[in-house]
Amino acid sequence: MVQYGGDEVSALVLDIGSSTLRAGYAGDDTPKAIIPTSYGFVPVTRDADVSMTEAGADTEPAPPREESKLYIGQQHGPSSPTSILSPSLIRHALKDVLRCKPEDHPILVTEPAWNTPANRERMAEIMFEEFQVPAFYIANTGVLNAFAAGKGSALVIDIGHSTTSVTPVVDGFVLRKGLVHSALPQLVHAHAKHTLITASHNHPPIQLFSHQLIANKTPVEPGTMPRFTVREDRFSKTTPSLASYYENREVEEWIQSVAGVLDQGWNDQAAAQRPVRHYEFPTVGELFFAHSRDLVASNPHLPRTIPALISQALTACDPDMRQVLMGNVVLAGGGSLLAGFGERLNNELVRNFPHVKIHAPGNPTERRYGGWLGGSILASLGTFHQLWISKEEWQEHGKPIVAQRCK
Amino acid sequence: MAGASAADVRSILSLPNSSTPASTQPKRAAPLARKPSGISRELYSLIGPSAPTLVAQAAKPRLKQKPNLGSGGSTKWEWRSFKNPARTDGLELGHWVKANTDPSADYPFARYNAKSADYTYTQDEYTKLLEDPEWTKEETDYLFNLVREYDSRFYIVTDRYEFATGPPRSMEDLKDRYYSVCRKLIRSRPWAGDEASKSQIISTFQFDKEREVMRKKYLLSLENRTSKELAEEEALYVELKRIEQNEKRFKQDRDRLLRTLLGAESGLPDLPIDEDGPLGDPKKKKKGVANELDSPATPSSSLFASAVPRRAQSAKSAAHDAMHCIQRTDGTTPAGTTTKATHQAAYLRSFRLAYPKAAVAAKVTQIAAELSISLSRLVMPTRDTLAQHEALLEGITTLVEMKKVTDRVDQEIRTAKMRLGMRESETPAETPMDVDEDVQAPDTPGEGRAQSVVSTRSGRSRKQTGTTNDRRSVSVSSVDTSATSATRAGTKRQKFS
């Protein structure tokens, strides 16, 4: 036990992402609870959509239902000004799903590297005041991803649900000047949605309804207009926010199963050689998608591509450090599981840098929840326990202790 | 064998069955049933049932020991709360520990809480020693705080450095300031140890800002090379290596020539040539051998040709073979070893496929690929095809080698031309450098040809005189050579006249 440097104090690790919230015990290799950050609630007054931010704060999460308004939590990352840190979601994760008493466990929370000081102080406040945790620490997802890969210094490429970030990490500290991030995944998503709902040469415009809204459909030839009937009883009650949630989910699923990138950049010939993909929407019968320039992610005209982000991050770093960083590239986040992405990234990097080594966990769980895993490793280390912000310290020093301790 | 019973023997010898069949059967069955499993059957049939007790005991069936799970005693673990002495507050965390560990012991991980030595200074020291026009006291304080906070990780210090009123600082600025302050502090403060350790400590805080900046600049320019520049560099490097090699070879040749011309008189030590010999010669020898082997009359074919007559068959069998389309081969066994008609196992011809030599294999396969021929596999490895295949391989190999040679020669010609061009363009510049040689022969106009011989002579004499008097050697040699050249010129002139 001691030789691994581990000492488990039954700490909790909470990793709040834009699409899901991960919670579990430090020392485990996978989070015990993975909870979507979007949840439904029944509004008290039957007005139009209530302001989402207000509604989310004090309602208990429930699975989305037809008549419920939808609170889309953390849609833009926990740090954007519109987002709120929802204690109800955390309470749901800790009390209803993990079924633990937060006052018994020290808790480690993750934050993106561009989190604002106000936000992390608010998080500390929630933890100490609402949940009465004995100790608290907030760590950076970039650093944690590097730790999950077993590296102290790394260039972490994290492609999440809403944000792509490139974080240079040196000795467990983020180089803030080299940190870059862009909303590339959102752009990919929007582009995919646009591709689907507009007619093209191989498919009619697709209506993105989810399965539970479809009463029946008749099979048709590929490429012809779909024939289906919707369930009117459910359809009429679906609120706009729920409808858009369903739409986004359909698009997300389509991206995950059909979209991909080519190994060597865009090339008409290589694209033509790829086999067509078969996909069936709830509203439409079979459709075949071949690689085309219109398809998401193979489109080279996206702003601020990942290689651009990387080179921007590197130029902000010291020349001595660049070699080290490029030798320790860590690929993380669910978005990096896009078909062919790893090979493409490798090809692009090898073309531009002499010595590149990419660490990309093959296990999808490790890849998607690398931030949580790193937190789990960190919070179960014996040497880490001196870094916790204890309740006593919080009461004594107040908010400044957060910035002082969590560098 | 041992188990062959009497009944078997009888039946083999077709003897009538024994009169007491009933008695033999149980006799045999009884000992068999009691045969202990530890003794082999043969041994048992020899010694019979009167086995020594020891053996019987030793032969007790040995089973694996049952795992003893219970008696070791399970270690008790208990949940204990502990205090971390590395913390300043009274936070108590809990963890599982073995019950037999000492509860009063310090937390084992607290000892990793190492602090690096940091330097502080008083206001007095600052005003006396550390004033710097570019740094204020506040900024220096800020820098020292940051360095302490991040344990001298200057990459991170530079990243987090945000001093509102100060100018932007590079990592070199920060390091320079920090280390210079530390040096001054150590130097001025009373030192407990001896001078050596003090200077050693100071040397660890040495920092040369100019050099570091220069190094970073070089590093950047290295990184920013384009691929074209990289290729050019590579080519230049290869060319340099080649020139060096040529130079060496030229020198060797010259030395060898000198030695053969002048023998022991040359004054050159004999050792190098002996050293060069084993180094240089085997390569050449090897090459020569290889060339011989590669000569069109391939050894295998010649062997084959010489082997065939030796195995000449009678006219009758030849006719028989021809009628039945039988071709007798002697395989590829070397002819010399067939003193005895050894048995030759059947083999597939495809196993005896010729392969290109390892040195040129890549190029040969490339050429074969261009011809869209697979060298490693023949669809129909008949005798004729194999012969063709071998011939093709030979052809390709020769082609590749010829190409190599022509390439080399071409390259040499090119460089020679380039050098010629350079020399032509530089001749006016070169002449003044040869002054000492020109001075030697002012009285021999138009006798340039003698120069080379003369210079070698001068070298020799220089060597000889150098042993006696180094200072005068140059003048002596020049006198010597001028004298010889004069005499030579004189003789030549005589001839001409």
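Beyond 25 Å in Cα-Cα separation lie the following of the pairs A:177/B:217; A:357/B:357; A:391/B:83; B:137/B:175; A:151/A:399; B:137/B:217: A:357/B:357; A:151/A:399; B:137/B:217. With the highest mean first, a sort of the peptides B:380-386, A:334-340 on other beta-carbon atoms found within 10 angstrom per residue produces A:334-340, B:380-386. Solvent-free Debye calculation, one equal scatterer per alpha-carbon of the range A:340-404: log10 I(q)/I(0) at 0.14, 0.15, 0.22 Å⁻¹ equals -0.69, -0.73, -0.95. A simple rule links phi to the HN-Hα coupling: the Karplus curve 6.51 cos²θ - 1.76 cosθ + 1.60 with θ = phi - 60°, which for the range A:386-399 gives 7, 8, 3, 8, 7, 4, 4, 5, 4, 5, 7, 9, x, 4 Hz, with x for Gly and Pro.
Working note: Karplus 6.51/-1.76/1.60 with θ = phi - 60° gives the range A:121-129 the couplings 5, 4, 4, 4, 4, 4, 5, 6, 7 Hz, where Gly and Pro are set to x. Highest mean first, the peptides A:381-392, B:112-123 sorted by other C-beta atoms within 10 Å per residue fall in the order A:381-392, B:112-123.
Classify the range A:109-154 as rounded, prolate or oblate, taking a ≥ b ≥ c as the square roots of the eigenvalues of its Cα gyration tensor: rounded when a/c is under 1.5, otherwise prolate if a/b is larger than b/c and oblate if not.
Since a/c reaches 1.5 but b/c is at least a/b, the shape of the range A:109-154 is classed as oblate.
Overall, the accessible surface of the range B:126-206 at a probe of 1.4 angstrom is composed of carbon and sulfur to the extent of 51 percent.
Using alpha-carbon positions, what is the distance between the centroids of the range B:371-394 and the range B:81-154, in Å? Here the two parts' Cα centres lie 76 Å apart. Residue separation of residue B:415 and residue B:189 scaled by 0.36 nm, minus their Cα-Cα distance, works out to 74.8 nm of gained length.
In what sequence, largest accessible area first, do B:350, B:372 appear using a 1.4 Å probe? Before the final figure, lay out the partial values.
Working: B:350 50, B:372 100 Å².
The ranking, largest first, comes out as B:372, B:350.
Shielding of peptide B:92-99 by partners, expressed as the average count of other chain Cβ atoms within 10 Å per residue Cβ, is 5. 3J(HN,Hα) along the range A:28-34, derived from phi through the Karplus expression 6.51 cos²θ - 1.76 cosθ + 1.60 where θ = phi - 60°, amounts to 6, 9, 9, x, 6, 10, 10 Hz, with x in place of Gly and Pro.
Take each peptide in A:193-204, B:207-218, B:83-94, A:109-120, count the other Cβ atoms within 10 Å of every residue, and average; sorted highest first, the result is A:109-120, B:83-94, A:193-204, B:207-218. Taken residue by residue and averaged, Cβ atoms of other chains lying within 10 Å of the Cβ of B:149-155 number 3. Ranking B:175, B:98, B:64 from most to least accessible surface, computed with a 1.4 Å probe over the protein chains only, gives B:64, B:98, B:175. Annotation: amide H of residue A:209 within the under-5 Å range of A:283, sequence separation 5 or more or interchain, hydrogens built in the peptide plane. Amide H to amide H, with H built 1.01 Å from N, residue A:381 comes under 5 Å of A:7, counting only residues 5 or more places away or on other chains. Annotation: amide H-H contacts under 5 Å for residue A:156 (H modelled 1.01 Å from N, sequence separation of 5 or more, or interchain): A:167, A:169, A:330.
The values are calculated or read from the model by the stated rules, or taken from the named source; none is laboratory data. Values in this document were obtained by computation on a predicted structure and should not be read as measured data. Glycine also receives a Cβ, built like all others from the backbone with ideal geometry; neighbour counts cover every protein chain displayed. With ligands, DNA and RNA removed, areas are computed over all heavy atoms of the protein, side chains included. Shrake-Rupley method; radii C 1.70, N 1.55, O 1.52, S 1.80 Å.
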